[in-house]
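Notes for the one structure printed next.
The values are calculated or read from the model by the stated rules, or taken from the named source; none is laboratory data. Here the structure is a predicted model, which is why all the values come from computation and not from measurement. Here the Cβ is made from the backbone with ideal geometry for all residues, glycine too, and neighbour counts use every protein chain on show. Accessible surface areas use protein heavy atoms only, side chains included; no ligands, DNA or RNA. Shrake-Rupley method; radii C 1.70, N 1.55, O 1.52, S 1.80 Å.
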Amino acid sequence: MVLPAEEGQLTTSSVRVLVATAVPVERDAVARAFPGPEAAAEVPRPGIVLHRLPGGWDLLAAGVGPALAAASTAAALTAAALDSAPYGLVVSAGIGGGFVPDAPVGSLVVADAITAADLGAETADGFLPVTDLGFGTVTHHPPAGLVRAVAAATGARAGTVLTGSTVTGTTGRAALLRAGHPRALAEAMEGFGVAEAAAAHGVPVLELRAVSNPVGPRDRAAWRVGDALAALTDAFGKLAPVLTSWNPHDR
C-alpha cells in the first residue's frame, strides 16, 4: 500500500523498487525525495551495499559504465530473489547528456527505449549493431504505460536514451549518434547495463535522466550538475502516485 506523504516526498510503494544510480551523489539526490533519508540503513549483500530507505525502497550506487552497472544490479536482483523478496521494478536513474534542442540542460527524459549505442562492429560502410551480426540485443523497452505515466507526472519527455562506454565529446560524434538514433534525447553510461540485468531476471525496467549538459563538445563550464541533481530529486518526489496506480502486470 502507499501511505500519504508530504508534498514532494515518496512513501512506501506496493511495488518493491530498486533504484540504480551510477555514483553516490546521484543516489543521495534520489534519497532526498523520501521522508527521513537520514534514517536509511546500509544493507550489505555479496558484492554490493544497498541503501534502504524507511519506506522500503532500495537505492544502489551501482558504479560507472554498463558493465559494472549490470553486475551490481544483477547482484541486487539475485540477493532479493534469494531473500524471497524480489523487486517488481528496477529504475536506472541519474544525470546525463541531452541532445539539443530537444532535451535542454535541466530537463528530464524518461526512456521509452534503452539502447546500447556502441555495441556492435565498425565496418567500411559504417557501424553495425550487434543484432545485425546475428546475436544479442541492443534495445530494451520499458513498460509503455508506465513511461506515459511518468512523463505526465514529472514533465519528462519520452524518447530513446542511449548507453555508451564513452561520453560524447565532439560535434561529429553527437551528429553520428543522432543520425543513427533519430529519437535519441539523452545519453548516459549505465541504463543498458541495468536493463540487461533486469531482463535476465524478468523484471521490468525504467530509465529516468536529468540533463546536466548538452551532448557534443566537452565543455565542463557548460555543465549544470547541481541543477540536474535538483531536478532528479524533484522528479522522484512526484513518482508516488505513478507507482500507486501502476500494475506491474500491465506492460
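What residues from the range 141-165 fall in the zone where the backbone N is under 15 Å from a label point 7 Å along the Cα-to-C-beta line of Glu122?
Taking a point 7 Å out along Cα→Cβ of Glu122, the residues of the range 141-165 whose backbone N falls under 15 Å are 165.
Where in the range 216-232 does the amide nitrogen come within less than 18 Å of the point 7 Å from the Cα of Val25, taken along Cα to Cβ?
Under 18 Å, as judged by backbone N against the label point of Val25, lie 218-232 of the range 216-232.
Only helical DSSP H runs with n ≥ 4 go in: add -39500 (n - 2.57) per run for the chain, normalise by residue count and round the 222 nm mean residue ellipticity to 500 deg cm²/dmol.
-9000 deg cm²/dmol
What percentage of the solvent-accessible surface of the chain, computed with a 1.4 Å probe over protein heavy atoms, is contributed by carbon and sulfur atoms?
About 59 percent, which is the carbon plus sulfur part of the accessible surface.
Give me the percent of Cα-Cα pairs in the range 122-178 that sit more than 15 Å apart, rounded to a whole number.
The share of Cα pairs beyond 15 Å in the range 122-178 comes to 67 percent.
List residues of the range 97-139, by number, whose backbone nitrogen lies under 17 Å from a label position 7 Å along Cα→C-beta of Ala175.
99-101, 126-127
What ranking do 59-68, 81-90, 129-138 get when scored by the average of other Cβ atoms within 10 Å per residue, highest first? Don't skip to the end; give the middle numbers.
Working: 59-68: 20.4, 81-90: 15.4, 129-138: 13.0.
Ranking, from highest mean packing down: 59-68, 81-90, 129-138.
Counting only DSSP beta bridges with both residues in the range 111-248, what percent are antiparallel, rounded to the nearest 5? Don't skip to the end; give the middle numbers.
Working: 6 of 15 bridges.
The antiparallel proportion sits near 40 percent.
Please give the per residue accessible area of the chain, computed with a probe of 1.4 Å over protein heavy atoms only, in Å². All intermediate terms of the calculation are to be shown ahead of the outcome.
Numbers: 10770 Å² over 251 residues.
That works out to 43 Å² for each residue.
According to a simple spin-label model (label point 7 Å from Cα along Cα-to-Cβ), what is the distance in nm between Leu82 and His141?
3.4 nm
Highest GNM mean-square fluctuation, the chain, Cα pairs closer than 10 Å: which of Ser212, Ser72, Ser14?
Ranking Ser212, Ser72, Ser14 by mean-square fluctuation puts Ser14 first.
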